[in-house]
1. Restricting attention to the stretch 3-48, and to residues there that are exposed (fewer than 14 other Cβ atoms within 10 Å of the Cβ) and touching a residue at least 24 places away in the same chain (Cβ under 8 Å), which single residue is farthest from residue 66 (Cα to Cα)?
2. Which one of these is on the phi < 0 side of the Ramachandran plot and modelled with pLDDT of 95 or more: 71, 56?
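The values are calculated or read from the model by the stated rules, or taken from the named source; none is laboratory data. Remember, it's a predicted structure, so these values are computed and weren't measured experimentally. Please note: Cβ atoms are built from the backbone with ideal geometry, for glycine as well, and neighbour counts cover all protein chains shown.
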């Protein structure tokens, strides 16, 4: 496998893991009563979501890069 494909697979696995973490965090947040801990958890969830979006964007960039290289050949 070439490097971009391996990177896409690695990023895809990371996104799945982050998604699982977010699901657990959201369940925990829904079980909590209002308070400082809940707000902190909301911020942690947001950061994980941003991280997942960054990886998804990077996967798109790698995919476009692979397409461009195949067109050039």
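1. The selected residue is 19.
2. Result: 56 is the single residue among 71, 56 that is on the phi < 0 side of the Ramachandran plot and modelled with pLDDT of 95 or more.
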